[in-house]
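Participant: One structure, as structure tokens, below. Some questions next.
Bear in mind these aren't lab numbers, they're just calculated from the coordinates by the rules spelled out. Since this is a predicted model, take the numbers as computed values, not measurements. Glycine also receives a Cβ, built like all others from the backbone with ideal geometry; neighbour counts cover every protein chain displayed.
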Amino acid sequence: MTQEPHGYQCRGAFVLVTALLAVLVFFLYQTDFSVQTAQTSHEVEVELKRFTVNANPDPTPRGPARIIRVLATQNEHVLSTLTPYGPGFERELLERFAEQYDYTLYWMQSRSPQEAWKALTKGEADLFIGLGFQPKEMVHHKVKVGPAYAHYRPVAVSTKSPGSGEFCPDTVLVSADTSLREDMIESKNCGPARRHLNSSELPTLLGNVSSRKSAVAMVDQGRFRLWQPFFPKLKAVAPMGQPVPYRWYWSEGRPGLARDLALFWKSASAKRTLTELTELYFGFLPEESDPYALRQFYATVQRGAAQWGDDIVRVSKKYEIDPLLLMALIYQESRFDPHAVSPTGVRGLLQITADTARGLGIDRRNPRQSIEGGARYLSMLWEDIESWNLSKWDRWFFALAAYNQGPRNLEKARELAISMGGDGSRWNELRTVYPLLSKQSSCRGNEAVQYVQRIRFYYYVLHGLVVLSGAEVEDLGSLSRLVSRDSGPFS
């Protein structure tokens, strides 16, 4: 096969079945249905990384002029562990800047925005990224404030609803790595609550609320969306305060760097990159996860892994497809029902048409042949668009759209995107033009977009489950390597 692998190396069918089943059982049958147990290892891992930075010969301003000392708090916006789609939104955005302007990044981790702000004003760092933050000392002669590229509203997170009689807390937990301490809960039924600064990382804090050790936590909505699929009991129950801006802050002690950063944020390329990365990392996330749907997802995938895990591993290795992506595809197509038949006549685990099944030489009613045929067909679609010079993830999203609505409709969508001024090489373009095809042909364009976005979400959840449960599940180390990535800036 010519496609680029996902860093996937098969470690054996037994490992996949045993490990993934253990992951799903772990999440299905915990008392509080959360990542409460997994957070212990996550917290330890973060603590070990806290004092480690990337090696560099001389990170001081007296050293090489092209080094940037970057301060960040470790969270999903900077260095992502949950997502399979890349090393992290902020990290990738900054790496694009560094590549464009020929800089080397030297990463430094801060425990809190306040600590980072202090280091920046004292000249101990050049750039602060990674979290919504609006310091009172916004105007500072030594710090340049970049434009706000996103706004997320603070929300109260709880298992209870306002007015339930159990919602009004004496205190509200606030993670130490946020700047939300200045906000307070107020609602029609509750007066102001005292804030309690919690030194725990966000997943630990959410676990405390999910298990009802605490009543309410305060988080920004953007960060909560990333974690909610793993804490389905929790919901955003009350908005609080004004939206918090996400920005970069940099020192004016490096005039050349300050100039380059200012130019970058004014450039059209920065706007394109920001739009592209926002869609890649966050575009598939629902505004709020459905706890019932998540519970059904976990149970169904557990059953499917038990029945066909060996086959999923085998064909994933053969066609160089991440087995978690293949499982997400099967769930979207048939909910792991080998007898599933759609109104259009497609059938089987991978919902293959009669013509496609004949072309592949398979019996689509046979579950094992359906898995083999569906994986081979997806691989063929991937190879067919090799000449389009797409990024890895855009290429997979295009292939999934073609699996749903056919390769000819994919070509039409790309042609339409180009005719409208795009280059037809990004999923972010195609997801806006696919629905327009419905007016011109029998293509169900809206369905294609929803199809790809749902598979992306299921894949994200499966990947997150594996990462979060790694230390608690026997033999999961091998499965974890299926979803390994380059070491991050704090490793």
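Participant: Using amide H atoms built in the peptide plane, which far-off residues or other-chain residues are under 5 Å from VAL78 H to H?
Facilitator: So VAL78 has HN proximity to GLU90.
Participant: I need ILE352, ILE385, ILE129 ordered by Cβ neighbour count within 10 Å, fewest first.
Facilitator: Ranking ILE352, ILE385, ILE129 by Cβ neighbours within 10 Å, fewest first, gives ILE385, ILE129, ILE352.
Participant: Over the alpha carbons of the range 218-295, what is the largest minus smallest coordinate on each principal axis, giving the biggest first in Å?
Facilitator: 52, 27, 18
Participant: Also, quick follow-up: Tell me the relative contact order for the range 270-376 as a rounded percent, counting alpha carbon contacts under 8 Å between residues six or more apart.
Facilitator: 19
Participant: Hey, another quick one. Amide H neighbours of SER425 under 5 Å, at least 5 residues apart or on other chains, H built in the peptide plane: list them.
Facilitator: Residues meeting the amide H criterion: none.
Participant: At 37 °C and 0.692 mPa s, grab the translational diffusion coefficient of the range 336-422 from Stokes-Einstein with a Kirkwood Rh over Cα pairs, rounded to a whole number in µm² per second.
Facilitator: The diffusion coefficient I find is 238 µm²/s.
Participant: Another one. Go through LEU263, MET240, PHE230 and say which Cα lies farthest out towards the positive end of the charge dipole of the range 226-275; charges sit on Cβ, +1 for Lys and Arg, -1 for Asp and Glu.
Facilitator: Towards the positive end, the residue furthest out is PHE230.
Participant: Short version: ³J(HN,Hα) in whole Hz for each residue of the range 371-382, in order, from phi by Karplus 6.51 cos²θ - 1.76 cosθ + 1.60 (θ = phi - 60°), x for Gly and Pro, what are they?
Facilitator: Couplings: 5, 4, x, x, 5, 5, 5, 4, 5, 5, 5, 4 Hz.
Participant: Quote the charge dipole size of the range 314-371 about the Cα centre in Debye, to the nearest 20; the model charges only the Cβ of Lys and Arg (+1) and of Asp and Glu (-1).
Facilitator: Using Cβ point charges on Lys, Arg, Asp and Glu, the range 314-371 gives about 200 debye.
Participant: State log₁₀ I(q)/I(0) for the range 291-483 at q = 0.10, 0.12, 0.13, 0.19 Å⁻¹ as given by the Debye formula over alpha-carbon point scatterers of equal weight, solvent excluded.
Facilitator: Per q value, in the given order, log10 I(q)/I(0) is -0.42, -0.60, -0.71, -1.39.
Participant: Hey, what do the phi angles of the range 331-340 turn into as Karplus ³J(HN,Hα) couplings, whole Hz, using 6.51/-1.76/1.60 and θ = phi - 60°, x for Gly and Pro?
Facilitator: With coefficients 6.51, -1.76 and 1.60, one gets 4, 5, 6, 9, 6, 6, 9, x, 9, 5 Hz.
Participant: Can you tell me the relative contact order of the range 291-483? Whole percent, Cα pairs under 8 Å, sequence separation 6 or more.
Facilitator: Taking the mean separation of contacting Cα pairs over the length of the range 291-483, I get 15 percent.
Participant: Here's something else I'd like to know. Charges on Cβ only, +1 for Lys and Arg, -1 for Asp and Glu, centred on the Cα centroid of the range 291-483; of SER391, GLY374, ASN446, which one is farthest towards the dipole's positive end?
Facilitator: Selected residue: ASN446.
Participant: Which entries of LYS235/LYS439; LYS144/LYS271; LYS271/LYS392 have Cα-Cα distances beyond 27 Å here?
Facilitator: Those over the limit are LYS235/LYS439.
Participant: With θ set to phi - 60°, apply the Karplus curve 6.51 cos²θ - 1.76 cosθ + 1.60 along the range 359-369 and write out the HN-Hα couplings as whole Hz, x wherever there is a Gly or Pro.
Facilitator: Ordered by residue, 3J(HN,Hα) equals x, 7, x, 10, 9, 5, 7, 7, x, 5, 5 Hz.
Participant: Report, by chain and number, residues whose modeled amide H sits under 5 Å from the one on THR104, excluding near sequence neighbours (fewer than 5 apart, same chain).
Facilitator: Amide H neighbours of THR104: ILE67, ILE68.
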